[in-house]
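A short write-up of the structure that comes next.
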Amino acid sequence: MSHHPMIVDLLLKFFFSMAILLLSSTIREIQGNALVTGTIIGDQCKDGKRSIYYYLLNRANVGVAYGGNGSQVMMWKEGTTSNLGNYEIRFKRNLDLSGCYAQVSGTTSTTGCGASAGPPKNLNLMFQIFDMAFYTVDPLISQHAQPMPFC
């Protein structure tokens, strides 16, 4: 079976053009976003030491404070942890979040772990690509109102 070289050439150009068009529209869609991810851990003993009594806290609220160039908080954005204690907060613009921090802001968890939190943690830039920034936060701690009796 013989293919005409002109038809094959036109088809290759068409598919190549479509691939470039799709790729450019995808890159345009993802430009200018920032993503913050992390985990929240429940400390049942309120001792601040890592132990077997730590667990990943679900349905906890976490906030990221953005201060801009000054020390005043210009933006506060919240997210909620999944059943595995992980959260992600997306910003629609690629902001420089290197001076920002995250902290536990409350909980709707049924585990009894309260919303009292340890100190806020700074955001760490993991990498930047296509005008997108990915930040991580060291694990945040949330504690019960009272230590558990077995501690």
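The values are calculated or read from the model by the stated rules, or taken from the named source; none is laboratory data. Everything quoted here is computed from the prediction, not taken from an experiment. Here the Cβ is made from the backbone with ideal geometry for all residues, glycine too, and neighbour counts use every protein chain on show.
Just a few scattered comments:
- The set of residues in the range 89-126 being within 13 Å of the chain's Cα centre (by Cα) and either modelled with pLDDT under 80 or over 13 Å from residue 65 (Cβ atoms) (or both) consists of 90, 92, 124, 125, 126.
- Checking each residue in the range 135-151 for being of a type in the set (S, T, N, Q) and out of contact with any Gly (no Cβ under 7 Å at 6 or more places or on another chain) picks out only 146.
- Meets criteria (at pLDDT below 65 and either under 22 Å from residue 99 (Cβ atoms) or loosely packed, with under 12 Cβ neighbours inside 10 Å (or both)) for residue 51: no
- Residue in the range 66-88 that is modelled with pLDDT of 65 or more, aliphatic (A, V, I, L, M), surrounded by 19 or more Cβ atoms within 10 Å (Cβ to Cβ) and under 15 Å from the mean Cα position of the chain (by Cα) present: no
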